[in-house]
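Report on the structure given below.
The values are calculated or read from the model by the stated rules, or taken from the named source; none is laboratory data. Note that the coordinates shown come from a computational prediction; the quantities given were computed from them, not determined experimentally. FYI the Cβ positions are ideal-geometry reconstructions off the backbone, even for glycines, and counts take in every protein chain you see.
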C-alpha cells in the first residue's frame, strides 16, 4: 500500500507538468531562425506604423503578405497580438508585451553585429544614422562628405539613414537601434555624447502671393505681422526661438519645416524657415525674407552617440571623417 503523501506528491507533479506544458505552448522554438526574426521585424513595423496599410509602404510588401506574417506569428506564439477589422487596428495587451520583447531582441542583434564589426578591422558592416528633416540643403554638407569618405575607405559598408524627429533619434541611439544621430541642441541627455556640427540661420518668409511680399520693410512691425496668419512649428524649440515665433498670429502648425514651406507657398501664411532650405524659392522670386536683419534666429545642431557604447570601428571612422570636414 502506497503512503498517503505519495498520492499528494503524484498529483502535484502531474499538475505542475500540466502547467509547464501550458506555458510551453506560448514559447518560441528553442532555436530562433531567420524566419522568426523576420516575423518579429514585420510585427514591429506594423505596430510602429499603426496598422497594415501604413506598414505596407514601409515594408514594401503587400497587405495580404503582412496579414499572413502576423497570423503566422500569432499561431507560433499561440496568442492574439492585434485586432484588425472594420473597427480599426489596435494592439492587444499581450501584443504590447511581445512588441517590447521584440525591441529588446532586435536591439541585442544590432549590438551583436556592432561588436562583431569591431573585431573585424576590414570595416565590414552597417552604419545606422538618424537625421532630423530638411538638412540636406545645408551648404557645409559635413554629413554628406563624411559618408562619401567612409565609403571610399570601405566600400562594403552599408549605410542606413532614418529621417525621424529629434526625440525619436535620441531614443533610438539610447536603445541601440541607431549608431549616430543629427539633432538640434534642444536639451542635453546624460546618456549621450554631443559633437557640435552646424549653426543654421532661420528667417521669416512670405510668398510672392502674400500682401507683405512687395511692402516696404521699414513699414513692417509687430503690429503689422499680427494682422496676417502665421504658421508655427509644433515640435520642441528653445525659449529664445519661441520668443521670435510669438510675434506671429498662429493660425496653422506643422510637424516639420517642409510643412511650413507648403503653407507659406499658399500665399496665406508667413513663417520661419531655415535660410538654406528657403533658398530654392528665394532664387525663383517665389519667397522673400521679411526684415531679415531683425526677424531671425540660429539653431545649433550636434552629432549624438551613446555614451559608453561598445567599440565600433565603423562609427569611429565616421566620426573621424566628420571632424575632418570641420
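Could you pull out the residue among 131, 164, 159 that is crowded, with 19+ Cβ neighbours inside 10 Å and either in contact (Cβ under 8 Å) with a residue 40 or more places away in the chain or closer than 28 Å to residue 313 by Cα (or both)? Even if it seems obvious, please write down each step before you answer.
On the way: 164 fails: crowded, with 19+ Cβ neighbours inside 10 Å; 159 fails: crowded, with 19+ Cβ neighbours inside 10 Å.
Result: 131 is the single residue among 131, 164, 159 that is crowded, with 19+ Cβ neighbours inside 10 Å and either in contact (Cβ under 8 Å) with a residue 40 or more places away in the chain or closer than 28 Å to residue 313 by Cα (or both).
Among the residues that make up segment 209-224, is at least one of them over 30 Å from residue 115 (Cα atoms), outside any loop (DSSP other than H, G, I, E, B) and at pLDDT 95 or above? Full working, then the answer.
Initial filter on segment 209-224 (over 30 Å from residue 115 (Cα atoms)): 209-224.
This time we only want the ones that are outside any loop (DSSP other than H, G, I, E, B), so: 217-219, 222-224.
Going one step further and asking which of them are at pLDDT 95 or above, we end up with none.
No, segment 209-224 contains no residue that is over 30 Å from residue 115 (Cα atoms), outside any loop (DSSP other than H, G, I, E, B) and at pLDDT 95 or above.
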What number of residues within segment 142-156 satisfy the criterion of being touching a residue at least 12 places away in the same chain (Cβ under 8 Å) and assigned to a loop (DSSP other than H, G, I, E, B)?
2
In segment 143-156, which residues are in contact with a helix residue (DSSP H, G or I) (Cβ under 6 Å, 6 or more places away or on another chain) and within 24 Å of residue 307 (Cα to Cα)?
146, 150
In segment 255-284, anything modelled with pLDDT of 95 or more and in a loop (DSSP other than H, G, I, E, B) is listed as 265, 266, 267, 268, 269, 283, 284
Considering only residues that are in contact (Cβ under 8 Å) with a residue 40 or more places away in the chain and surrounded by 15 or more Cβ atoms within 10 Å (Cβ to Cβ), look in segment 249-266 and name the one that is farthest from residue 204 (Cα to Cα).
256
Among the residues of segment 115-128, are any assigned by TED's automatic domain parsing to the domain that holds residue 315, over 19 Å from the mean Cα position of the chain (by Cα), assigned to a helix (DSSP H, G or I) and without any contact (Cβ under 8 Å) to a residue 12 or more places away in the chain?
yes
What's the number of the only condition in (1) under 23 Å from the mean Cα position of the chain (by Cα); (2) over 30 Å from residue 316 (Cβ atoms) that residue 76 fails to meet?
(1)
Among the residues of segment 70-90, write down those that are in contact with a helix residue (DSSP H, G or I) (Cβ under 7 Å, 6 or more places away or on another chain), part of a helix (DSSP H, G or I) and over 15 Å from residue 102 (Cα atoms).
72
Among the residues of segment 230-243, are any assigned to a loop (DSSP other than H, G, I, E, B), over 25 Å from the mean Cα position of the chain (by Cα), surrounded by 14 or more Cβ atoms within 10 Å (Cβ to Cβ) and without any contact (Cβ under 8 Å) to a residue 60 or more places away in the chain?
no
Among residues of segment 14-69 being modelled with pLDDT of 85 or more and not in a helix (DSSP H, G or I), the residue farthest from residue 108 (Cα to Cα) is 62
